[in-house]
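See structure below.
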Amino acid sequence: MSNKIDNEVLSASPNKSMQRVQASLARRYAKERRFRRMGISAVITGLLFLSLLFGSIISNGYTAFWQTYIQIEVHFDAEMLDPQGQRSPEALSAANYGGLVKRSLRQMFPQVKKRSDKRKLYHLVSSGAAFQLREMVMNNPQLIGSTALIWVAADDDVDMLMKGHINRHKPEADRRMKDQQISWVDELLQQGRIEQRFNTTFFTAGDSREPELAGIRGAVMGSIFTLLITLALSLPIGVAAALYLEEFAPTNRLTDLIEVNINNLAAVPSIVFGLLGLAVFIGFFGMPRSVPIVGGLVLTLMTLPTIIIASRAALKSVPPSIREAALGIGASRMQTVFHHVLPQALPGMLTGTIIGMAQALGETAPLLMIGMVAFIVDIPGNVMDPSTALPVQIYLWADSPERAFAERTSAAIMVLLAFLITMNTLAVLLRKKFERRW
Amino acid sequence: MQTNTLYNSSATQPDNCINIQSSIASDDCHTVGNTSVKNPRMNCRNVDVFYADKQAINQVTLDIGRNEVIAMIGPSGCGKSTFLRCLNRMNDTIDSCRISGEILLDGQNIYDKRQDVVPLRAQVGMVFQKPNPFPKSIYENVAYGPRIHGLTSTKSDLDIIVESSLNRAGLWDEVKDRLNQPGTGLSGGQQQRLCIARTIAVGPEVILMDEPCSALDPIATAKIEELIDELHEEYTIVIVTHSMQQAARVSQRTAYFHLGNLIEVGETNQIFSNPRHKLTEDYITGRFG
Amino acid sequence: MNEMTEGHTVKRFDEEMQFLHRLVLEIGGLAQDQLKRAVQTLNDKDPATAREVIKRDQELNDLDIQADEEFINLIIKRQPMAKDLREIITISKAVSDLERVGDEVRKIAQLTIHIYDTDRSLPTLQILRDINTMANFVSNMLSASLMAFDKLDISRAIKVIRQDVELEEEYKSALRRLSTFVMEDARSVGHMIDVALGLRALERIGGHAKNIAGYVVFLVTSKDVRHDSLDAIEATLKLHDPRS
């Protein structure tokens, strides 16, 4: 039957089949156009969401890069700082700088008498102002007895008010800044004693309970140490494993099993690696909690499958003719792999590694399990110092109720994204560089 | 119709040979023609090759003479390339491949446990179907073999080897001014000659060529054929080719493979003018299938 | 047609080979017909028809040229190997032999014209008798060799080769008989030379028939036997006989 139909179609005169083709052309082109439109709209939707994401993060976060400062006049009263006149560092460091700041504020607003009002007044400047003064005195004890105009960081509520995040028209009870405080701020503003400056604290300080004192340096250093550990372990191990599996291992049940398990490992939720790290590295080996070395080990476990799979794909893409060529003139297997196959596969391997690293950089869950979620003020100096990591820092700040932490969260996300984009760009550049060699 | 007058009585038997499995133990598949030569470079005795359970080569016995070009022809999947790759143990890289029988190079069994494949492959070089220069410079391509085998100790010795190899491959004049440029930038025919230069740089005795011209245009092919003609004064060349004209042009002896059997071997002139086996005749006159 | 020309994967190759094969038979048929008619003109004392025969030789020449073109085209297109190559070479040689047969036939027709289109006295019929018998013999040889070619029949081909030996004997004795005629009557010497040339032409035709038979042996056995002795040929043949 079908033969008959075929014959009919075949026996149709060329003219007739041309007519049929013409008739179906419009439909075919319409289909093609529809398909193309669908593709374009998918891309546009994706871009739209992406720009929405970036837009909201940037619009929320860009203000975090500025910080409000208040100028106060401080008299470094020798009576108050060093009643004994010893000028010893111990005495100086233990002195009451907070009182110094408070006195300055009282002098600036002498009309404030009530105790509760005074407390409100003290809230205008950050608690960090006292530390700032101490540092100045510690560095230069000659300051004692003199009077200076000093810019100190404003409290986060003042900062928010200045940035317009606190609505003056709301009922007084609903806002964190009371009418009285707002009037003081306005007064200071008129005197030119309030200013917005670039927020260097954000990049140089560790975490803090006070938003205006909180920075990401600690988290960045923690992330860098963690990633260094991860890179140092996962790149050689991953590449070696891939090389062995792809070039040397015989194909048998065992290697099949290993291959399947590596693929499975890549799909294991990252928190499971965290639990594993907790149990093995901290529980069994007794390593300290919250340290980058444990974080690096855990992230190594998580990144290894990615690197192995990417490296194997890179090795597979090296044409077998190169291997044959090398073997054919009597190169040993090792020589073949290291002289010819590896150099060809390296760009792909590096790309895979950097993508794995980027993944590790953004990973939170396993780090939570091994305690890198702790509140750590000090900036870690080596891989054994307790620290946190950028995504964990973001997670912590996102949890904080203060409005000022919300913008710092976004700012931290921007920093993280900047790192990710840099790494991906590096991956692309490396690949291009290696591929262009020939 | 007096078909029978055409062939001797053995010609009616090849039908039995087509089923390899049934013929393993039988003597039906005697190769037609003289498989031995005087003072051979390589002797293959009853070579069987299996890929897993599938037999790819069945009881092939063949001598390869000194300074001769021997061509292997046959339809696709007839085992000629497999057999060629047995001669320098390139099949070792395939896990499922099993070989029995013996292959001697200058009287030494190359499948002996004591035989190291690395020096073997230096003795029996190989040129592949697709030109496959390393993604390195022309100089490095040729110098690589001598370097890994430690054939030279000084740079100037290496330079001499590179120049003479390129010279013998007929490529020196074309590339002497750009030795540091990548080998992959050459034309297909030049790349293949570079591969030949790379092979002869390690000083082999036998050169295996697996369809060396199938990716080349006729002019490049002619240059390779001319090269083969020159090289066979120094080397033994075993060439697998799909082009019967090429086999006729370059070789002194020709072997015809069919479904893993060596059907016929003989002087090239005899094979192409008066093959004795019906399968050979059908293949070379284009009556296959 | 036969296994020499059939069975190629490229069907067009079969057709071209068969066309050439038929072309040989066609040329052979034409040559045979020419031979028969030329001899007939001698018997009929018909110089007019003899002229026609001579004219018709042009057809044979044209076919020869056509065949040559076909060989070249076929070799260019197909690059024949082994038995295809032998078939082509056999056909090519057979065609040129047949063309020469045509030339020899022209000589016989010329003989008719010489004898009957002049005012010379006519020869006795006795002189011409040998021409007739030899023409018959040669014509049989020619058709046998063509048959052998068509059917790839070695035994028939061998028979033609053997007949050529007989023909040689026949030719020699005919020449001896002619010389006795000359001795009897010296005036007939002019005719005698003409007739001798005719006999010589017939002997040459027989030779060409033998060549064609030799090509058939070469085609089938790939042994060139044209210059071998009969015994050697038969030895070769035995090698190829399935019953031996």
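The values are calculated or read from the model by the stated rules, or taken from the named source; none is laboratory data. A quick note: this is a predicted structure, and the numbers were derived from the prediction, not measured. FYI the Cβ positions are ideal-geometry reconstructions off the backbone, even for glycines, and counts take in every protein chain you see. With ligands, DNA and RNA removed, areas are computed over all heavy atoms of the protein, side chains included. Shrake-Rupley method; radii C 1.70, N 1.55, O 1.52, S 1.80 Å.
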Residues of the stretch C:1-50 buried by at least 20 Å² on assembly (accessible area, 1.4 Å probe, chain alone as reference) = C:GLU3, C:GLY7, C:HIS8, C:THR9
Per residue, what volume in Å³ does the Cα convex hull of the stretch A:66-204 take up?
-> 121
How many angstrom separate the Cα center of the stretch B:150-215 from the Cα center of the stretch A:115-162?
-> 79
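I'd like to check one number: the per residue accessible area of chain A, probe 1.4 Å, reported in Å² as a whole number.
Details: 23320 Å² over 438 residues.
For chain A, the per-residue accessible area is 53 Å².
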Once every DSSP H run of n ≥ 4 in chain A is given -39500 (n - 2.57) and the sum is divided by its residues, what mean residue ellipticity at 222 nm do you get, rounded to the nearest 500 deg cm²/dmol?
-> -20500 deg cm²/dmol
Have a look at A:LEU149, A:LEU243, A:LEU299 and tell me which one the Gaussian network model of chain A (Cα, springs below 10 Å) gives the largest fluctuation.
-> A:LEU149
Just going by the charge dipole of chain A, with Lys and Arg at +1 and Asp and Glu at -1 on Cβ, which of A:SER93, A:PHE273, A:LEU189 is farthest out on the positive end?
-> A:PHE273
Springs between alpha-carbon atoms under 10 Å, Gaussian network over chain B: tell me which of B:THR152, B:THR221, B:THR199 tops the mean-square fluctuations.
-> B:THR152
Where in the stretch C:140-164 does accessible area fall by at least 10 Å² between the isolated chain and the complete protein assembly, at a 1.4 Å probe radius?
-> C:LYS151, C:LEU152, C:ASP153, C:ILE154
In the stretch B:114-148, which residues become less accessible by 50 Å² or more once every protein chain is in place, relative to the chain on its own, using a 1.4 Å probe?
-> B:ARG121, B:ASN132, B:PHE134, B:PRO135, B:TYR144, B:ILE148
Considering chain A as a Gaussian network with a 10 Å cut-off on Cα pairs, which listed residue, A:GLN19, A:GLN71, A:GLN86, attains the greatest mean-square fluctuation?
-> A:GLN19
How much of C:GLU6 can a 1.4 Å solvent probe reach, expressed as accessible area in Å² and rounded to 10?
-> 80
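Hey, could you grab the Kirkwood Rh for chain A? Inverse mean 1/r over distinct alpha carbon pairs, Å, one decimal.
Values: mean 1/r = 0.0366 Å⁻¹.
Every distinct Cα pair counted, the radius reaches 27.4 Å.
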With charges only on Cβ, +1 for K and R and -1 for D and E, what is the dipole size of chain A about its Cα centre, in debye, rounded to 20?
-> 1860
Using a probe radius of 1.4 Å on protein heavy atoms only, what is the accessible area buried between chains B and C, both sides summed, to the nearest 100 Å²?
-> 1800
Dipole of the stretch A:217-434, positive end: most advanced residue of A:LEU228, A:ALA310, A:ALA325 [Cβ charges, Cα centre] = A:ALA325
If ligands, DNA and RNA are left out, what is the accessible area of A:LYS120 with a 1.4 Å probe, given in Å² to the nearest 10?
-> 60
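So if I place +1 on the C-beta of Lys and Arg and -1 on the C-beta of Asp and Glu, and nothing else carries charge, what would the dipole magnitude of the stretch A:217-434 be about its Cα centre? I want it in debye, nearest 20. Numbers along the way, then the final one.
Working: 12 positive and 11 negative charges, 92 e Å.
Dipole about the Cα centre, nearest 20: 440 debye.
Roughly speaking, to the nearest percent, how much of chain B's 1.4 Å accessible area is carbon and sulfur? Write out the running numbers ahead of the final one.
Working: 5530 of 11700 Å².
Carbon and sulfur atoms account for 47 percent of the accessible area of chain B.
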Report the relative contact order of chain A, percent, no decimals, based on alpha-carbon pairs under 8 angstrom and at least 6 residues apart.
-> 18
Determine, for chain B, the count of lysine pairs separated by eight or more sequence positions (or lying on different chains) whose alpha-carbon distance falls under 27 Å.
-> 16
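A plus B alone minus the pair: what accessible area, both sides summed, probe 1.4 Å, in Å² to 100?
Working: alone 24300 and 13500 Å², together 35930 Å².
When A and B are taken together, about 1900 Å² of accessible area is lost.
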On the accessible surface of chain A, probed at 1.4 Å, how many percent belong to carbon and sulfur atoms?
-> 61
Accessible area (Å², per residue) of the stretch C:23-143, counting only protein heavy atoms and a probe of 1.4 Å = 45
